[in-house]
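These notes concern the structure reproduced below.
What follows is calculated from the coordinates using simple rules that are stated; it is not laboratory data. Worth saying up front: this structure is predicted, and the values here are computed from it rather than measured. Every residue, glycine among them, receives a Cβ derived from its backbone with ideal geometry; neighbour counts consider all protein chains shown.
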Amino acid sequence: MSTTEPVGVAFVGCGNISGPYADSIQKHPDRLKIVGAFDLNEKAGEAFAAKYGCTRYASLDELLADDAVDVALNLTVHLAHSGVTQQLLAGGKHVHSEKPLAATRDEGRACVELAAEKGLLLGCSPFVILGEAQQTLKKHVADGTLGEVREVYAEMNWSRIETWHPAPAAFYGEGAGPLLDVGCYPLSVLIQVIGSVTAVRAMGGVRMPQRTIGSGPNAGQPFTATNPDHTCVLMEFANGAHGRLTASFFAVKSAQAGIEVHGTEGSMRMDQVPSFNARLHLCKPGEREWTDVEPIAEPHPGVEWARGLLDMASAIRQGTPLTCPGTAAYHVLDIALAAFEASDSGTTVDVKSSFDSLG
């Protein structure tokens, strides 16, 4: 296998998010190449293939038979993630999946174990820890700028996505909801910056069950939210730090956003979680105002959607370890599911899994 030719990427799912991924991939032709796409909706697959000049596969088996495919990018709906990922791994392809990794622990473990058994790479979103702002936060914590971290706050008040998304119902159903769909962003950052979560408490539920699609061809159609649309989580980290996280599809608008990390020698704030060019601020003991923190490198504006695939390309061609492997995604899933259980039971729930970052 050449260590210099671009890694071939095949899309599985050509829906709403496929365009941003594809556009970003095309900006890195030396490292990544779109070789094909498959979607159960033939028209969607045809339109994607025509726009990006790649093969439209008539079936998943046809994709798996294509030797040009190094990595399959799983962009299917939430509940299909684990099943499709396992099909792709069983067929011999490295996989990067959109979040969540799975809807249940059993499904998530099956994905991680199959990848290990096959000797294949399994990556999973969110990959935002690869962003310049997020890496800057991680470096300052690791370097001791804040002393010993004791408290962490994180907010993902994502408003009511049915106001803009043309097919929002799945985001309020099993395997989704704000904790799994957007709460995973700060969770994925925090386990890399602070370390594993060992126990959680939580409160939440379906605060507004009846919803109405606000845009697209199905505008005006009602649907019912069945998974919690608002959850507040208290977390205990393995290093003794405590944290709280709010994830909401209920709050219409909130001034609370981003991540705050508080230590014995100072506090640092990142004003939003997903964007690679999020602003960072530091306040030391005795100071009254935040001061700006320079990023460790020129940040990409917003999110560079190909960043996780670029990380995987390095792992395939140069043998570097994945920054956002399936084991990290499984720990995030385990935390979220433990939070649902804690909310339902009113008790503290232990998180059995753990994740060791690259340092």
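When the Gaussian network model of the chain links Cα atoms closer than 10 Å, the mean-square fluctuations of Thr104, Thr291, Thr348 top out at Thr291.
Here the chain is assigned +1 on the Cβ of each Lys and Arg and -1 on the Cβ of each Asp and Glu. Its dipole about the Cα centre then comes out at about 440 debye. Summary value for region 28-145: 17 percent relative contact order, contacts being C-alpha pairs under 8 angstrom separated by 6+ residues.
Among the listed pairs Lys93/Lys138; Lys138/Lys284; Lys33/Lys99; Lys139/Lys253; Lys93/Lys352, give every one whose C-alpha distance is greater than 24 Å. With Cα atoms farther than 24 Å apart: Lys93/Lys138; Lys139/Lys253; Lys93/Lys352. Remark: spin-label model distance Asp106-Gln256 equals 3.6 nm, labels positioned 7 Å along the Cα→Cβ axis. Each residue, Arg150 and Ala90, gets one label point 7 Å from its Cα in the Cβ direction; the gap between the two is 5.2 nm.
The charge dipole of region 1-63, taken about its Cα centre with unit charges on the Cβ atoms of Lys, Arg (+1), Asp and Glu (-1) only, comes to about 220 debye.
At q = 0.14 Å⁻¹, what is the log10 ratio I(q)/I(0) for the chain, with the Debye formula run over Cα points and no solvent? One equal scatterer on each Cα of the chain leads to -1.21.
Cα-Cα pairs above 23 Å in region 183-268: how many percent?
Details: 1391 of 3655 pairs.
Within region 183-268, distances greater than 23 Å cover 38 percent of Cα pairs.
Compare Leu337, Leu63, Leu40 in a GNM of the chain, Cα atoms joined below 10 Å, and give the one with the largest fluctuation. In the Gaussian network model the winner is Leu40.
Phi angles across region 226-235 convert, under the Karplus curve 6.51 cos²θ - 1.76 cosθ + 1.60 with θ = phi - 60°, into 3J(HN,Hα) values of 10, 9, x, 9, 7, 9, 10, 10, 9, 10 Hz, Gly and Pro given as x. Computed over the chain, relative contact order equals 19 percent, with contacts defined as Cα pairs under 8 Å that lie 6+ residues apart.
Note on region 45-198: the C-alpha convex hull projects to 11.8 nm² when averaged across all orientations. Listed by Cβ neighbour count within 10 Å, with the fewest neighbours leading, Glu260, Glu46 appear as Glu46, Glu260.
Exposure proxy for Ile17, Ile213: other Cβ atoms within 10 Å of each Cβ, ordered fewest to most, give Ile17, Ile213.
Here the translational diffusion coefficient of region 7-124 follows from Stokes-Einstein with Rh set to the Kirkwood radius across Cα pairs; for 4 °C and 1.567 mPa s it amounts to 92 µm²/s. A Gaussian network model of the chain, with springs between Cα atoms under 10 Å, assigns the largest mean-square fluctuation among Phe340, Phe11, Phe223 to Phe223.
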